[in-house]
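The values are calculated or read from the model by the stated rules, or taken from the named source; none is laboratory data. What you see is a predicted model; the values in this text were computed from it and never measured. Here the Cβ positions follow ideal geometry from the backbone for every residue, glycine too, while neighbour counts run over all protein chains shown. We work out accessible area using only protein heavy atoms, side chains counted, and drop any ligands, DNA or RNA first. Shrake-Rupley method; radii C 1.70, N 1.55, O 1.52, S 1.80 Å.
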Amino acid sequence: MHSPRQRSALLVSLLAVATSIGAQAPPKLPPNVVSSSAGNIRIERLATLEFPWGLAVLPGARLLITEKPGRLRIWENGRLSEPVQGVPSVVYRKAGEQGGLLDVEADPNFATNRLIYLSYVEADPNGLKVAETGELRFGGIDLTDSIVRGGAVARGRLEGNELRDVQVIWRQVPKTIGRGHFGVRIVFGPDGKLYLTSGERMRFDPAASLKSNLGKVVRINPDGSIPSDNPFAGTDTARADIWSYGHRNMLAAAFDPSGRLWVLEMGPLGGDELNLIQRGKNYGWPFVSNGDNYAGPSIPDHATRRDLTAPVRSWTPVIAPSGALFYSGAMFPAWRGSLIAGGLATQSLIRLQLDGEQRVGIEERVFMGRRIRDVAQAPDGALFVIVDDKAGDLLRLTR
């Protein structure tokens, strides 16, 4: 039996589906110009890729772009390169699944060291396979799988169209059977440390366990070693790479101009979250959420547990956030200082103007008519956007 909140969310979802079905006759092409608080925005298609996932801007306005099936490409001077050689092997079985090659980030000192970082999903090295036992809280969602796998982060030196001296610097522990919720967004902090969002792999309980790095924001040095000032470093009761815990599925993370880390987290049935990440804090999953399980029991709201850190903003219906940045460019001056995030479910760019640490002052949705997977800022202030699709476009947004 569904709670009243579940029934309401399900009704909203059904109405949304019915509306989208009705809108398919005739189908509408995605817009080429959209209006916003920053004025009219021109959408220019630069290239098309297969399920692109991550973006990184290199010197000279070059772009690194990942494709989930396992390809890393360079976009430069209007051309998309052949796949970069030397990329680690990934697990990716079918179109649209979670996993494969995920995020990419360039070292802050890339101009001198040429280091880049990749997150991806790898199989158990022994080829281990285990039967899936199912999960009642997902209801009728099919989670059938048998491959034991987990997220990993590797770094290597980009020379021409080849990645050299590749080393794995971090892994999700433990590897588990199938499912999704890997994360793994990669962001450098102003302290020079590497921050990773590690999903709870749709396993619920690991998010709260300090013996696992699933469902955590992780903080490591660029070489994979552990900073001595991490909250659990030097203890035998928790993993030393943990920075915060009690998270679900985090696919967007960005540092604001004052050096604070903000993470957008996908909720279950409702309850997507914007969280201000603080050292050593527990953010509540799976004990509290402003959403509910897909099938009972219902989940208590954040307000019922004042000992756990509540989100600054939550969304029901969900926005399905993916990719984020704090805008600092000249192209759209009205957006300077705002958090810009991609919205998969809303097919929008979502702009949040924060009011301190406790609230969102202004929220704007710029409808793109496309599932936005990631965003990046060009040197001239234009925005690069990638679209989550089998034929997913690389877009440039300008005035």
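Given a 1.4 Å probe and the protein chains as shown, residue 164 ends up with an accessible area of around 100 Å². On a per residue basis, the convex hull of the C-alpha atoms belonging to the stretch 137-284 measures out at 138 Å³.
In the stretch 24-129, the alpha-carbon atoms span a convex hull of 180 Å³ per residue. The amide H of residue 145, built 1.01 Å from its N in the peptide plane, has 132 as neighbours under 5 Å, considering only residues 5 or more places off or on other chains.
With the alpha-carbon atoms of the chain aligned to their principal axes, the span from lowest to highest coordinate is 54, 51, 42 Å, starting with the largest.
Close amide-amide hydrogen proximity is noted between residue 377 and 384, each under 5 Å apart and 5 or more residues distant or on a separate chain (H modeled in the peptide plane; Pro and chain starts excluded). With Cα atoms as the point set, the stretch 212-335 shows a radius of gyration and Dmax of 15.8, 50 Å. Pairs spanning more than 21 Å between alpha-carbon atoms, out of 175/216; 28/68; 94/129; 94/211; 68/193: 28/68; 94/211; 68/193.
What the phi angles of the stretch 81-91 give under the Karplus curve with 6.51, -1.76 and 1.60, with θ = phi - 60°, is a coupling list of 6, 5, x, 5, 7, x, 6, x, 5, 10, 9 Hz, glycine and proline written as x. What the pair-distance distribution of the stretch 338-390 shows, using all Cα-Cα distances binned every 10 Å from zero, is 25, 46, 26, 2 percent.
In terms of the mean number of neighbouring beta-carbon atoms within 10 Å, the peptides 242-251, 206-215 order highest first as 242-251, 206-215. Excluding ligands, DNA and RNA, the accessible surface per residue across the chain is 42 Å² with a 1.4 Å probe.
Per-atom-type breakdown for the chain gives carbon and sulfur 51% of the accessible area (1.4 Å probe, protein chains only).
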